[in-house]
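A short reminder: the numbers here are calculations on the coordinates, not readings from a lab. Since this is a predicted model, take the numbers as computed values, not measurements. Positions of Cβ are backbone-derived with ideal geometry, glycine not excepted, and every protein chain shown enters the neighbour counts.
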Amino acid sequence: MIAVLSSAPSAVGVLADLSYWQQTVIKAGVVAVVIPTAALILGYVFLLKMMSFVQSRLGPMEAGPHGTLQLLADGLKFLQKEDIFPEKSDRFVFAAAPVMVLVSTFLLYVALPVGPDAVVSDLDAGVFYVLAVSSLSVVGILMAGWASANKYALIGGLRAAGQLIAYELPLVLAVVGVIIQAGTLNLQGIVLAQANGEIFGWGAIGFPYIFTQFAGFLIFLIAIQAELTQPPFDMPVAESEIVGGYQVEYTGFRFLFFFMGEFGTAFVFAGIASVLFLGGWYVPGFDVDSNWLNLLGPIVMLVKIMAVSFLVFWFRFTYPRFREDQLQKLAWKVLIPVALANIVITGILKVAV
Amino acid sequence: MSDFLRSYLTVGLFGGLAVLMAVLILGLGKVLRPTRAQRQKYISYESGVDPVGDGWEQSNIRYYIFALLFVMFDIEIVFIFAWAIRLEAFGFFGLVEMAIFIFILLLGLLYAWRKRVLRWV
């Protein structure tokens, strides 16, 4: 047992000695496994089970113990579905749209750090990159809506674009407070700044920015909810009005790619929120570059991601759908002014204190 | 290759990985799935009724002004990001500068609000 424990951190340390290409292949393999797994975990724990309990029912119980294999069974079923392109659709764009959503999800995972060395690529402009790449999925959704040559799909795609226009701004502005405090755009730098910070001169647990950026955290949560087109911001897919919106003409795994993209992105956005506001992979009491954190960091991150996801899905199951005018009103008349005020106040405190 | 370029090479490779994964899964599906073409399957879905007119109908998207505001704000945010990183170095001077900048930005938002273009019509 002790031998296993002492050899495990060095196994992660060995990764740093490999060449770039060897490292990239290993990391690509890990991410290619993590994304479907993340979608399955969030889908099972929250979408199937938590939603059922919120609505006073049991949810799937037959496939595997307590329905754990339900989503795998669904995946196998989708794999065997006939592939249908509507005759009037723009075939190339129609086929490219789900892939675009998947690309956006993969690119988000590149920047997410889960340990001192456990990051795919430690980008200098990490936060900026994440925010830029996350909007790519909306391009995919717009492509899907347009290429389907279907009125429901077109309306869904346009609604998604309108929602992005309103909620991209609060998302970006909410992050600025964190950047002012950390003084860097690098996600590892933000984790280190929180690990080395002190709360009123007491530095035992570091300084997670949620204590000073609580308004930013709330705005960030609301905005990612909208970016993910989850209820109460699910106007683009509203199944009772436009029967799934941009997804209406998709069958089989092409449809499932949107689902994987949505839940994979929910997972990574919860991860970004934990890095920005909850202290990331840092465990109090450890040296910030200790090899142990490469091992403990992913576990801590998983716990934080599940906690943030719980909040996201709690909103999802509790609130009814917004109307389009209420949606725009919330963004432009509440979130953006509050986020701007947050930036000014954070700036004043940063310079004055 | 410099570390900077290399970190973005990884980004490009991961984009390729996503495409590869999609192609592999759809390729596997191609082996498993049936293909039984019937004319009705390829008609656009409109809740079971035969589609009326073209799928690409003209419609009023209603958020033209919002889109213009979005572009304006999005560009301002790029400046705010650059300022936020260096605030410690700029100190009081930077703070006043940005206060004026955000004040003008808010003035624009208030003007739009007062002109009732933030109302969904």
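Rounded to the nearest 10 degrees, the angle from helix B:3-32 to the longest Cα principal axis of chain B is 20 degrees.
Toward the positive end of the charge dipole of chain A, with +1 on the Cβ of Lys and Arg and -1 on the Cβ of Asp and Glu, the farthest Cα among A:Gly245, A:Leu112, A:Phe322 is that of A:Phe322. For the stretch A:175-245, a Kirkwood hydrodynamic radius built from all Cα pairs, placed in the Stokes-Einstein relation at 37 °C and 0.692 mPa s, yields a translational diffusion coefficient of 230 µm²/s. For helix A:136-147, report the angle its Cα long axis makes with the longest principal axis of the Cα atoms of chain A; keep it between 0 and 90° and round to the nearest 10°. Tilt of helix A:136-147: around 0 degrees.
Placing pseudo-labels 7 Å out from each Cα toward the beta carbon at B:Glu46 and A:Lys77 gives an inter-label distance of 3.0 nm.
Taking the longest Cα principal axis of chain B as reference, the axis of helix B:87-114 is set at about 60 degrees. For the protein assembly as shown, the fraction of C-alpha pairs farther apart than 41 angstrom is 20 percent. Relative contact order, whole percent, for the stretch A:71-352 stands at 27, derived from Cα pairs under 8 Å and 6 or more residues apart. Would you calculate a helix-derived [θ] at 222 nm for chain B, using -39,500 (n - 2.57) for each DSSP H run of n ≥ 4 and dividing by the full residue count, to the nearest 500? Rounded to the nearest 500, it is -23500 deg cm²/dmol.
Applying 1/(1 + (r/R0)^6) with r as the Cβ-Cβ distance of A:Gln22 and B:Lys115 and R0 = 41 angstrom yields a FRET efficiency of 0.10. The alpha carbon centroids of the stretch A:228-286 and the stretch A:67-110 are separated by 14 Å. For the residue pairs A:Lys49/B:Lys30; A:Lys151/B:Lys41; A:Lys27/A:Lys49; A:Lys88/A:Lys151; A:Lys304/A:Lys350, the alpha carbons lie more than 20 Å apart in A:Lys49/B:Lys30; A:Lys27/A:Lys49; A:Lys304/A:Lys350. Of all lysines in the structure, the ones whose alpha carbon falls short of 21 Å from that of B:Lys115, not counting any fewer than 8 places away in one chain, are A:Lys329, A:Lys333. Spatially, the stretch A:313-346 and the stretch B:49-92 are offset by 16 Å when compared through their Cα centroids.
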